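Everything below concerns the one structure shown next.
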Amino acid sequence: MSARKKVQSTWGGRFSAGPAKLMLQFGESVSFDYRLWAQDIRGSKAHATMLVKAGVLKSTEAKSIHRGLDAIAKEIAAGKFKWDVALEDVHMNIESALTKRVPVAAKLHTARSRNDQVATDVRLWIKDQCADIDAAFANLLKTLVKLADANADVIMPGYTHLQRAQPVSAAHHLLAYVEMFARDRARFHAVADAANWCPLGSGAIAGTTLPIHRNVTAKLLGFVDAKGKPRVTANSMDAVADRDPATSFAFAAALCGVHLSRLAEDMILWSSAEFGFARMPDEFSTGSSLMPQKRNPDSMELLRGKAARFQASLNHLLSLTKGLPLTYNRDLQDDKPPLFDAADQLQLALAVASSTLAGTKFNKAKCLSAASDPALLATDLADWLVKKGMPFRHAHHAVGRLVGVAEKSGVPLDKLSDAAALSADKAFTKGWRDVFNLKRAFAARENIGMPGPKTVAKEIARWKKSLR
Ligand code: ARG
């Protein structure tokens with residue numbers, strides 16, 4: 001029998017011919033959604049247990065269904081399961097294998113549709129992924145804090161417009177990334193929490209006439225609140241049409257990708273000869289096939305590039321769902337490739353960032369020499385004038401004139417004579433030159449959020465404690 005003549009076993013009742021080979025090839029999703037197998041089996045087991053309570057299955061029947069599902073899970077985990085694209089997706093592949101083993105499993109799909117099944121599987125998958133990603137964040141954050149701690153005395157210029165702005169410490173700079181990744185981590189907690197509502201029981205669109213117990217399945221699958229109370233979705237139409245869990249996941253990944261790409265860019269700059277601030281480990285650098293002297297920061301360039309891929313996944317999901325009428329439409333089957341890719345690439349990216357940072361060494365002397373340009377303390381000099389009572393806007397101008405004098409005469413700001421300083425503004429009286437002392441400049445910045453060494457040490461201690 002050709003594929004066209006053979007009717008489809010799960011929904012083929014009203015058809016006289018099966019789908020064309022091309023349609024099967026075009027419509028299959030098992031080549032990617034097979035990754036939901038563990039969640040699909042968990043969902044089916046919970047559903048079978050609930051169906052006993054609903055009077056649809058005898059408990060002996062549910063038991064044989066459970067045994068059959070366990071056997072299939074083992075087969076899949078061992079790589080022995082034969083996935084068949086003619087069965088379209090992970091759900092029908094597993095159901096068909098199960099019914100072959102356990103004929104009574106023909107009752108399993110009672111009060112359930114693939115629409116609420118796939119929504120449930122994906123939410124479970126996202127919750128699992130968020131737990132793994134959380135561990136990856138913990139690792140990256142610990143690495144960053146450790147690196148900050150080890151380089152607390154490394155002074156470097158901070159940049160705006162990629163022009164030297166004011167001196168900071170390597171620790172303060174690294175802790176900025178700790179803040180970003182801690183926010184990303186919290187964002188994934190929120191993604192997991194929002195996914196934590198059970199759609200099972202929504203059926204295809206309008207629930208079921210059978211007396212099911214949604215709270216039971218929700219509880220069995222761990223869709224519960226902090227107190228263990230089951231959480232079920234409140235609207236069957238939203239539940240099967242909703243792809244917010246995947247989209248929120250992709251957004252959290254995309255924003256984290258942006259943060260990773262900014263870190264990558266800093267690392268790329270720092271490891272250039274022009275900066276020379278840091279050296280990445282050999283294991284995460286590469287050479288050139290032509291130029292023997294090259295040591296390229298490829299891991300960081302790839303990390304920077306991944307940001308595009310995360311954004312593409314987010315855009316894919318947003319575009320996929322935009323303008324779709326309620327509720328389920330087959331378009332939605334294609335939500336999985338971007339979701340899976342975002343998760344896979346994020347786990348890799350977090351691990352690479354962490355490993356690269358763990359082996360990164362700062363060049364203290366180079367950093368200090370770049371930060372020793374007295375012009376970086378021009379703002380401190382304006383503050384000095386403010387402390388003497390001058391309005392900041394006037395102080396800004398006075399120091400600006402002094403910078404002009406220094407530039408014109410080719411003398412560093414802190415080496416100008418007192419007479420030259422007075423020529424710029426008569427407020428530059430005794431003591432103006434004392435401002436040009438990095439130690440003093442840092443000590444003057446012991447206020448919350450600032451790079452003073454004591455403040456930074458406190459921050460490091462705070463993070464160490466919260467990351468234990
Ligand atoms: N393979 C489908 C998907 O992943 C399963 C849901 C099918 N539902 C339907 N009404 N055809 O979206």
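The values are calculated or read from the model by the stated rules, or taken from the named source; none is laboratory data. Just so it is clear, the model here is predicted, and its values are computed rather than measured. Quick reminder, even Gly has a Cβ in these numbers, built from the backbone with ideal geometry, and neighbours come from all protein chains shown. What goes into the accessible areas is simple: the full protein's heavy atoms, side chains included, and nothing from ligands, DNA or RNA. Shrake-Rupley method; radii C 1.70, N 1.55, O 1.52, S 1.80 Å.
Residues are listed down the side, and each one gets a yes or a no for (1) closer than 30 Å to Thr160 by Cβ; (2) touching a strand residue (DSSP E or B) at 6+ places or on another chain (Cβ under 8 Å):
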| residue | (1), (2) |
| --- | --- |
| Ala239 | no, no |
| Cys256 | yes, no |
| Leu260 | yes, no |
| Leu263 | yes, no |
| Trp270 | yes, yes |
| Ala278 | yes, yes |
| Leu290 | no, no |
So if I check each of Asp184, Asp153, Asp84, Asp132, which one is more than 28 Å from the chain's Cα centre (by Cα) and more than 30 Å from Gly18 (Cα to Cα)? Asp153
Can you name the residue in the stretch 10-32 that is within 13 Å of the ligand (Cβ to nearest atom) and in a loop (DSSP other than H, G, I, E, B) and, of all such residues, is least open to solvent (accessible area, probe 1.4 Å)? Ser29
Output yes when any residue across the stretch 180-196 is in a loop (DSSP other than H, G, I, E, B) and either open to solvent by less than 50 Å² (accessible area, probe 1.4 Å) or modelled with pLDDT of 95 or more (or both), and no when none is. yes
Tally, over the stretch 145-178, of residues that are open to solvent by less than 60 Å² (accessible area, probe 1.4 Å) and part of a helix (DSSP H, G or I): 12
Picked from the stretch 325-340 (must be within 21 Å of Val191 (Cβ to Cβ) and open to solvent by 40 Å² or more (accessible area, probe 1.4 Å)), the residue nearest to the ligand (Cβ to nearest atom) is Asp334
Okay, helices (runs of 4 or more DSSP H) sitting entirely in the stretch 33-144 with 2 or more residues that are away from the ligand (no atom under 16 Å from the Cβ) and either hydroxyl-bearing (Ser, Thr, Tyr) or modelled with pLDDT under 95 (or both), I get 59-77
Just the residues that are among the aliphatic types (A, V, I, L, M), surrounded by fewer than 20 Cβ atoms within 10 Å (Cβ to Cβ) and away from the ligand (no atom under 13 Å from the Cβ), please, taken from the stretch 315-324. Leu318
Would you pick out the residues in the stretch 423-468 that are among the small types (Gly, Ala, Ser), touching a residue at least 60 places away in the same chain (Cβ under 8 Å) and farther than 15 Å from Asp383 by Cβ? Ala457
Subset of the stretch 87-111 that is touching a residue at least 12 places away in the same chain (Cβ under 8 Å) and polar (S, T, N, Q) - its residue that is least open to solvent (accessible area, probe 1.4 Å): Asn93
Some residue of the stretch 270-279 being of a type outside the set (Ser, Thr, Tyr), outside any loop (DSSP other than H, G, I, E, B), closer than 24 Å to Ser313 by Cβ and in contact with a helix residue (DSSP H, G or I) (Cβ under 7 Å, 6 or more places away or on another chain): no
Identify the single condition in (1) closer than 30 Å to Val352 by Cβ; (2) open to solvent by 20 Å² or more (accessible area, probe 1.4 Å) that Arg114 does not satisfy, given that it satisfies every other one. (1)
Identity of the residue in the stretch 345-398, farther than 30 Å from Ala252 by Cβ, open to solvent by 10 Å² or more (accessible area, probe 1.4 Å) and of a type in the set (Gly, Ala, Ser), that ends up farthest from the chain's Cα centre (by Cα): Gly389
Just wondering, is there one or more residues in the stretch 256-267 that are surrounded by fewer than 14 Cβ atoms within 10 Å (Cβ to Cβ), in a helix (DSSP H, G or I), touching a residue at least 24 places away in the same chain (Cβ under 8 Å) and not hydrophobic (A, V, I, L, M, F, W, C)? no
